[in-house]
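The values are calculated or read from the model by the stated rules, or taken from the named source; none is laboratory data. The structure displayed is predicted, hence computed values, not measured ones. A quick note on method: Cβ atoms are made from the backbone with ideal geometry, for glycine too, and the neighbour counts reach across all protein chains shown.
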Amino acid sequence: MSMFDKAKDKLEQVVGQAKEKLGEATGNEDLRDAGKRDQLSGEAKEAGHDLKDRAAGAAKDVKDRLSGDDR
């Protein structure tokens, strides 16, 4: 995963936290809920990217083992 994708995922979570806190402070349930959704979305994207990275690493390890490349 690129650093840009990681930064976007984290930013989405931070913006979500801000929305949630602002919604709580102002009594705006819609804003609070939108913030929670943004946080969950960012976390889900981050987890998906992490899984993709791990799968790519595992595939590379298998390929290296099969080709005899033990670097």
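Put simply, of LEU31, LEU40 the only residue that is surrounded by 15 or more Cβ atoms within 10 Å (Cβ to Cβ) and not hydroxyl-bearing (Ser, Thr, Tyr) is LEU31. Output yes when any residue across region 64-71 is free of Cβ contacts under 8 Å to residues at least 24 places away in the same chain, surrounded by 14 or more Cβ atoms within 10 Å (Cβ to Cβ) and part of a helix (DSSP H, G or I), and no when none is. No, region 64-71 contains no residue that is free of Cβ contacts under 8 Å to residues at least 24 places away in the same chain, surrounded by 14 or more Cβ atoms within 10 Å (Cβ to Cβ) and part of a helix (DSSP H, G or I). Sub-6 Å Cβ pairs linking a first residue in region 27-50 that is within 14 Å of LYS6 (Cβ to Cβ) and assigned to a helix (DSSP H, G or I) to a second residue that is among the aliphatic types (A, V, I, L, M) and at pLDDT below 95, at least 6 apart or interchain, are HIS49/MET1, ordered by first then second residue.
Checking the stated criteria, ALA18 turns out not to satisfy the condition of being part of a helix (DSSP H, G or I) and modelled with pLDDT under 95. If you scan region 1-21, which residues turn out to be surrounded by 18 or more Cβ atoms within 10 Å (Cβ to Cβ) and small (Gly, Ala, Ser)? Matches in region 1-21: GLY16 only. In the set (1) free of Cβ contacts under 8 Å to residues at least 12 places away in the same chain; (2) surrounded by fewer than 13 Cβ atoms within 10 Å (Cβ to Cβ), the condition left unmet by GLU24 is number (2).
Considering only region 52-64, I want to know if a residue exists there that is among the small types (Gly, Ala, Ser) and in contact with a helix residue (DSSP H, G or I) (Cβ under 9 Å, 6 or more places away or on another chain).
Within region 52-64, none of the residues are among the small types (Gly, Ala, Ser) and in contact with a helix residue (DSSP H, G or I) (Cβ under 9 Å, 6 or more places away or on another chain).
If you check ASP9 against the conditions, is it over 14 Å from the mean Cα position of the chain (by Cα), modelled with pLDDT of 90 or more, acidic (Asp, Glu) and in a helix (DSSP H, G or I)? Taking the combined requirement at face value, the residue does not satisfy it.
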